[in-house]
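Student: I'd like to ask some things about the structure below.
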Amino acid sequence: MILVLENEVDLDERYLVDEMTRHLPEAKVHDYAREGGRNLDLSAVDGVVVGGSTAGVYEEDDHRWMKEQKELIRELVARDVPTLGICFGHQIVNEALGGTVEYSGVRRANLVSAELGDDPLFDGVSDVVPVLHSDMVTETGEGMEVVGSADYYDAFATRHRDAPVWTVQYHPEFTPRVKHLGNDWTDNELSFAESNATRTLRNFYELAKRESRNRNRETELRGIASRTD
């Protein structure tokens, strides 16, 4: 099961989490922006998606749950729990690990061309992806390496060098189904016909399930070894 951390502070913008769960075969949503870490159980979780938000990671004084979530992110990295940060999630993961995020001064709500690296998260994903953001990761967190870039954004996607942790600035869950909603979307010369960004979520699901199976197998083997000692 994939645990989706909902970080949206604006009730009118929560539709993106609903879209995300449409593209994850098994998902459970935890409203982190309102509940924080209360009643958060990771025991049956194969992976975690850190969702987007209209809040900025530098607004911790106004949204105290962000400090707690940064601690959770560091725990996920330490425990090798497969994690995917999306948009705000991309930013808070990097900042939690010592990186920096800044307001760019420009609101982007359109399709962009990105250079996505040779990584299993991007298997079969085209280079046209939707973005909704004005903040940017300007320095990656400790252990995070750039695996995707755009002409205006060097650290467009990152991956941890040791842990199964990925982050992307784009919104893989955003499709024409929702572009008419309150996000200031602007059409340009690129087309959704060129984009299959939702595949990112399916790839992450498969990666998380594989990691979970491997962890379970290692646990079983250790149990067998201990019984035969």
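The values are calculated or read from the model by the stated rules, or taken from the named source; none is laboratory data. The structure presented is a predicted model; accordingly, all values stated were derived computationally and were not measured. Ideal geometry is used to build each Cβ from the backbone, glycine not excepted, and the neighbour counts take in all protein chains shown.
Student: Considering each residue of the range 19-34, count those that are of a type outside the set (S, T, N, Q), part of a helix (DSSP H, G or I), without any contact (Cβ under 8 Å) to a residue 40 or more places away in the chain and touching a strand residue (DSSP E or B) at 6+ places or on another chain (Cβ under 7 Å), and give that number.
Tutor: Quick first cut of the range 19-34, residues of a type outside the set (S, T, N, Q) only: 19-20, 22-34.
Keeping just the survivors that are part of a helix (DSSP H, G or I) gives 19-20, 22, 32-34.
Checking which are without any contact (Cβ under 8 Å) to a residue 40 or more places away in the chain leaves us with 32-34.
Right, trim to touching a strand residue (DSSP E or B) at 6+ places or on another chain (Cβ under 7 Å) and you get 32-33.
Counting residues in the range 19-34 that are of a type outside the set (S, T, N, Q), part of a helix (DSSP H, G or I), without any contact (Cβ under 8 Å) to a residue 40 or more places away in the chain and touching a strand residue (DSSP E or B) at 6+ places or on another chain (Cβ under 7 Å) gives 2.
Student: Can you tell me which residues in the range 38-54 are among the hydroxyl-bearing types (Ser, Thr, Tyr) and out of contact with any Gly (no Cβ under 9 Å at 6 or more places or on another chain)?
Tutor: Ser43, Thr54
Student: Pick out the one residue from Val129, Val106 that is crowded, with 24+ Cβ neighbours inside 10 Å and over 21 Å from Ala208 (Cα atoms).
Tutor: On the way: Val106 fails: crowded, with 24+ Cβ neighbours inside 10 Å.
That would be Val129, the only listed residue that is crowded, with 24+ Cβ neighbours inside 10 Å and over 21 Å from Ala208 (Cα atoms).
Student: If Glu71 satisfies all but one of (1) in contact with a strand residue (DSSP E or B) (Cβ under 9 Å, 6 or more places away or on another chain); (2) over 24 Å from Arg202 (Cα atoms), what's the number of the condition it fails?
Tutor: (1)
Student: Related question: Give me the pairs: first residue in the range 178-191 and farther than 19 Å from Ser126 by Cα, second residue loosely packed, with under 11 Cβ neighbours inside 10 Å, beta-carbon distance under 6 Å, and six or more apart or on different chains, which are they?
Tutor: Going by the 6 Å Cβ cut-off, the qualifying pairs are Gly182/Asp12.
Student: Out of all the residues in the range 168-181, is one or more surrounded by 17 or more Cβ atoms within 10 Å (Cβ to Cβ) and in a strand (DSSP E or B)?
Tutor: The answer is yes, given that some residue of the range 168-181 is surrounded by 17 or more Cβ atoms within 10 Å (Cβ to Cβ) and in a strand (DSSP E or B).
Student: Of the residues in the range 67-90, how many are outside any loop (DSSP other than H, G, I, E, B) and either within 15 Å of the chain's Cα centre (by Cα) or under 16 Å from Ala208 (Cα atoms) (or both)?
Tutor: Keep residues of the range 67-90 that are outside any loop (DSSP other than H, G, I, E, B), which gives 67-78, 83-86, 88-90.
Now drop any that are not either within 15 Å of the chain's Cα centre (by Cα) or under 16 Å from Ala208 (Cα atoms) (or both), which leaves 69-70, 72-74, 76-78, 83-86, 88-90.
Of the residues in that region, 15 qualify.
Student: Going by the structure shown, is Arg22 more than 20 Å from Glu173 (Cβ to Cβ) and of a type outside the set (S, T, N, Q)? Before the answer, list the steps.
Tutor: Numbers: more than 20 Å from Glu173 (Cβ to Cβ): no; of a type outside the set (S, T, N, Q): yes.
For Arg22, the condition - more than 20 Å from Glu173 (Cβ to Cβ) and of a type outside the set (S, T, N, Q) - is not met.
Student: I need a count of the residues in the range 91-122 that are touching a residue at least 60 places away in the same chain (Cβ under 8 Å) and either more than 16 Å from the chain's Cα centre (by Cα) or assigned to a strand (DSSP E or B) (or both).
Tutor: Here the count works out to 6.
Student: Is it true that Ala163 is touching an Asp or Glu at 6+ places or on another chain (Cβ under 9 Å), part of a loop (DSSP other than H, G, I, E, B), modelled with pLDDT of 95 or more and farther than 25 Å from Arg79 by Cβ?
Tutor: Details: touching an Asp or Glu at 6+ places or on another chain (Cβ under 9 Å): yes; part of a loop (DSSP other than H, G, I, E, B): yes; modelled with pLDDT of 95 or more: yes; farther than 25 Å from Arg79 by Cβ: no.
Answer is no for this residue.
Student: Go through the range 137-153 and give me each residue that's buried (at least 22 other Cβ atoms within 10 Å of the Cβ) and aliphatic (A, V, I, L, M).
Tutor: Scanning the range 137-153 gives Val137, Met144.
Student: Then there's this: Report whether or not Ser134 is among the polar types (S, T, N, Q), more than 17 Å from Glu19 (Cβ to Cβ), modelled with pLDDT of 95 or more and touching a Leu at 6+ places or on another chain (Cβ under 9 Å).
Tutor: Working: among the polar types (S, T, N, Q): yes; more than 17 Å from Glu19 (Cβ to Cβ): yes; modelled with pLDDT of 95 or more: yes; touching a Leu at 6+ places or on another chain (Cβ under 9 Å): no.
No.
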